[in-house]
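Worksheet: the structure to be examined is printed underneath.
Any read-out appearing in this document is the output of simple, stated calculations on the displayed coordinates, not a laboratory observation. Since the structure is predicted, the reported quantities are computational estimates derived from the model, not experimental observations. Glycine gets a Cβ as well: all are built from the backbone with ideal geometry, and neighbour counts include every protein chain shown.
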Amino acid sequence: MHAIILSAGRGSRLLPLTTDLPKCLLPVGLSSVLALQIDTLLKQGIEKITIVTGFNSHLVEAEVSSGKFGKDVNILYNPFYQVADNLASCWMARQEMNNDFLLINGDTLFSPELLIKVLAAPARDISVTIDQKEHYDGDDMKVSLNGSQLTAIGKTLLPQKTQGESIGMLRFMDKGPDIFKNELERLMRMEEGTKSWFLSAINGLAQSEQTIDTTNIKGETWSELDTPEDYEICLDLFGGSAMARKRLAAIK
């Protein structure tokens, strides 16, 4: 399976940490956000990784070309990252979506156990990885469910319609890649296409009654990285914990 990591953004809410450094290269323990993602993916049998870059791409390219990851990790530069949201990054990577693949936000850190659960889930065309908790805030990418099927996704879902949140990892299999690529093409021809999140494509598919499944990873370890508070959580979970020390020992 192929993995596509969306890492074009700067991470302006993390300034001044991201004055020059792309968010995906922020240090976590003895590694970086991106290196931890790649290490976890490769160790679970992902055969190829494409990283969509934008802000200060040359720094990410230098990290990848250092040789520590192997030849199956590649860079795809999105020159429109300053004027477009991540739907455009997906559109730029559409030629990499010809077979089964994972689509992962560049600011999502996840444990090996979580990835194993996602990869082992029953084969479905499109499956959104979700978590569940007691309360959701305005920054969470909330989901509405009918059983295990997703019926809506977005940050503005009402509390009474929210049954979980997307963690920023999706799996596409069988017909899923073509379904997603066709929706990307449709949205990118619309005026608001470049300003849209890629999950708006998933919401549109769900609203058109396309079956969108979910994989619930409640209880597994993961974190997003949008704010300084998030960064502290990432450092705690992946930079200094027993799990992190074990992972870092394997990397060195």
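At a glance:
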| read-out | value |
| --- | --- |
| Under 16 Å from the ASP139 label point (7 Å along Cα→beta-carbon), backbone N, region 24-57 | 24 |
| The chain, relative contact order in percent, only Cα pairs under 8 angstrom and at least six apart counted | 24 percent |
| Magnitude of the charge dipole, region 4-51, Cβ model with Lys/Arg +1 and Asp/Glu -1, debye to 20 | 140 debye |
| Radius of gyration and Dmax over the Cα atoms of region 1-101, both given in Å | 13.2, 39 |
| Net lengthening on full extension, THR227/HIS58 (0.36 nm per residue, minus Cα-Cα) | 58.5 nm |
| About the Cα centre, charge dipole magnitude for the chain (Lys/Arg +1, Asp/Glu -1 at Cβ), debye | 460 debye |
| Flagged links, alpha-carbon separation over 23 Å, of LYS23/LYS161; LYS23/LYS218; LYS23/LYS195; LYS48/LYS117; LYS43/LYS117; LYS71/LYS195 | LYS23/LYS161; LYS23/LYS218; LYS71/LYS195 |
| Cα-projected label distance for THR151 with ASN98, points at 7 Å along beta-carbon direction, nm | 3.9 nm |
| FRET efficiency estimate (nearest 0.05) - Cβ-Cβ, PHE80 to MET190, R0 22 angstrom | 0.90 |
| Over 19 Å [Cα-Cα, region 130-248], rounded percent | 55 percent |
| Expected 222 nm ellipticity per residue - DSSP helices of 4 or more, -39500 (n - 2.57), all of the chain, to 500 | -8500 deg cm²/dmol |
| Mean shadow area of the chain, taken as a quarter of the surface of its Cα convex hull (nm²) | 12.7 nm² |
